[in-house]
1. Quick one: what pairs do we get from segment 110-128, first residue farther than 19 Å from Gly166 by Cβ, second part of a helix (DSSP H, G or I) and not hydrophobic (A, V, I, L, M, F, W, C), C-beta under 8 Å, 6+ apart or different chains?
2. Which one is nearest to Lys216 (Cα to Cα), of the residues in segment 62-74 that are β-branched (Val, Ile, Thr) and open to solvent by 10 Å² or more (accessible area, probe 1.4 Å)?
3. Between Ile177, Ile219, which is within 19 Å of Thr85 (Cα to Cα), modelled with pLDDT under 90 and in contact with a Ser or Thr (Cβ under 9 Å, 6 or more places away or on another chain)?
4. Can you name the residue in segment 45-62 that is touching a residue at least 12 places away in the same chain (Cβ under 8 Å) and not in a loop (DSSP other than H, G, I, E, B) and, of all such residues, is farthest from the chain's Cα centre (by Cα)?
5. Identify, by number, the condition in (1) crowded, with 21+ Cβ neighbours inside 10 Å; (2) farther than 17 Å from Asp275 by Cβ that Ala48 doesn't meet.
6. Among the helices (runs of 4 or more DSSP H) contained in segment 75-171, which hold 2 or more residues that are more than 30 Å from Arg203 (Cα to Cα) and open to solvent by less than 20 Å² (accessible area, probe 1.4 Å)?
7. Can you name the number of the only condition in (1) in contact (Cβ under 8 Å) with a residue 60 or more places away in the chain; (2) more than 21 Å from the chain's Cα centre (by Cα); (3) surrounded by 16 or more Cβ atoms within 10 Å (Cβ to Cβ) that Ile247 fails?
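The values are calculated or read from the model by the stated rules, or taken from the named source; none is laboratory data. Owing to the predicted nature of the structure, the values given are computational and were not obtained by experimental measurement. Methodologically, a virtual Cβ is constructed for each residue, glycine included, from the backbone with ideal geometry; neighbour enumeration extends over all protein chains shown. SASA here: full protein model, heavy atoms, side chains in, ligands and nucleic acids out. Shrake-Rupley method; radii C 1.70, N 1.55, O 1.52, S 1.80 Å.
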Amino acid sequence: MPSEPGAAKPVRRPGDRIFAGSAKASGILILVILAGVAAFLVAEALPALTAPAEDVPGGEGLTRYIGPLVFGTLLSAVIALVVATPLAVAIALFITHYAPRRLAQGLGYVVDLLAAIPSIVYGFWGIAWLAPKLVPFYQWLEDDLGFIPLFAGPTSSTGRTMLTAGLVLAIMILPIISALSREVFTQVPALHKEAALALGATRWEMIKIAVLPYGKSGIIGGAMLGLGRALGETMAVALVLSVSGGITFNLITSGNPSTVAANIALEFPESSGLDVNTLIASGLALFLITLAVNMLARWIVNRRADFSGAN
């Protein structure tokens with residue numbers, strides 16, 4: 001709508017112009033860096049993409065080399081997400097709606113501190129303590145649930161399995177999902193909760209009616225951030241996972257595919273020539289997967305926001 005003649009134009013202070021310009025420059029810088037990373041990966045991976053199959057490590061082609069790595073990456077990340085998300089949401093609900101204030105504050109600090117532990121410490125903990133402790137549990141899974149392909153066995157004698165790696169990753173991403181969920185739950189309008197309680201709802205019914213629907217976008221966003229961390233984790237998986245290559249859905253055996261990040265960390269120091277290009281090509285695959293996951297998360301969050309606004 002055109003402004004009326006003589007109407008005063010809004011005055012922009014110097015601070016506003018500086019802030020707007022800085023924000024715009026930061027956004028452009030992020031896009032430039034992202035494009036630079038993509039261009040580097042494509043350029044360095046091109047020799048491996050165009051090389052004959054027999055020249056690629058393993059002699060079976062780039063797809064057969066990267067395929068098991070991508071499968072292992074996705075499998076370990078999905079296990080971590082399935083285990084961590086319900087637990088993280090439950091912890092966030094307990095801290096925000098059930099725990100006494102003093103206990104909630106201390107518990108929140110403890111959960112957040114999990115994110116500060118280096119990944120290599122998680123790896124040492126997983127291989128030295130968690131893996132041996134899980135061996136009897138894996139034996140029980142094979143004996144009683146062996147008809148399910150996931151637990152068909154034979155059970156690993158060391159516990160260094162894909163399921164162990166997934167559980168370690170779950171503990172690593174738990175504070176990310178829990179912290180974001182906790183922040184979203186604290187932003188739920190008090191009137192929504194009070195209205196539910198005034199209608200006779202119990203505390204759990206109030207959470208189910210007012211808190212969880214309001215916080216769905218935050219939970220999804222936190223879960224996707226945790227998934228991104230799990231997809232790119234290196235040292236913890238490299239230490240815990242016993243690798244034999246190939247694609248298998250068996251979670252309790254020693255024959256496991258590696259992950260892209262762990263394979264790059266283990267193979268890069270001794271690689272040269274086309275082997276380096278092949279590793280960078282696998283990194284390009286991980287880059288595209290991570291980008292797709294983030295785009296999917298953004299679409300889900302925006303779709304839910306639009307749906308909520310329409311209602």
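1. If the second residue must be part of a helix (DSSP H, G or I) and not hydrophobic (A, V, I, L, M, F, W, C), the pairs left are Val111/Pro175; Val111/Ser178; Asp112/Pro175; Leu113/Pro175.
2. First, pick out the residues of segment 62-74 that are β-branched (Val, Ile, Thr): 63, 66, 70, 73.
If we keep only those that are open to solvent by 10 Å² or more (accessible area, probe 1.4 Å) too, we end up with 63, 66, 70.
On the way: Thr63: 37, Ile66: 34, Val70: 29 Å.
Selected residue: Val70.
3. On the way: Ile177 fails: modelled with pLDDT under 90.
After applying the criteria, what remains is Ile219.
4. First pass over segment 45-62, keeping only residues touching a residue at least 12 places away in the same chain (Cβ under 8 Å): 45-49, 51, 55-57, 62.
Okay, now just the ones that are also not in a loop (DSSP other than H, G, I, E, B), so 45-49, 55, 62.
Numbers: Ala45: 25, Leu46: 28, Pro47: 30, Ala48: 28, Leu49: 28, Asp55: 33, Leu62: 26 Å.
Taking the candidates together, the pick is Asp55.
5. Unmet condition: (2).
6. Details: elements: 101-113, 119-125, 131-145.
It comes to 119-125, 131-145.
7. Going through (1) in contact (Cβ under 8 Å) with a residue 60 or more places away in the chain; (2) more than 21 Å from the chain's Cα centre (by Cα); (3) surrounded by 16 or more Cβ atoms within 10 Å (Cβ to Cβ) one by one, Ile247 breaks only (3).
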